[in-house]
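Working notes, structure below.
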Amino acid sequence: MRKTQDIEHFLNPVKEDLLPLDDLKYIDKAKSIVEKGIKNNERILVVADTDLDGVSSGAIMYRYLHKYTD
């Protein structure tokens, strides 16, 4: 159990709660691949883990990329 003290804050995080993107390994390479794919109208497959954070992040990425495709 998380022992969350502030339920409202936990359910409504702010930008300062996010991890710095610079801490993510290969984030620059991933960004370049996605930008190139969008620019060249390539097909992009979103693969996600089947745990809670994997499904959530996969859904976020899918919704984001869907804005740039048919």
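Helix 27-39 and the longest principal axis of the C-alpha atoms of the chain enclose an angle of approximately 50°. Applying both filters, DSSP loop and at most 15 other Cβ atoms within 10 Å, to the GluC sites (Glu not before Pro) of the chain gives Glu42. A Cβ-based charge dipole, computed about the Cα centre of the chain with Lys and Arg at +1 and Asp and Glu at -1, lands at about 320 debye. Within region 34-70, the trypsin sites (Lys or Arg not before Pro) that combine a DSSP coil assignment with at most 11 other C-beta atoms in a 10 angstrom radius are Arg43, Lys67. Taking the C-alpha atoms only, the angle from helix 52-66 to the longest principal axis of the chain is near 40 degrees.
No lab work stands behind these numbers, since they all come straight from the coordinates. What you see is a predicted model; the values in this text were computed from it and never measured. With ideal geometry, Cβ positions are generated from the backbone for all residues, glycine too; neighbour counts draw on all protein chains shown.
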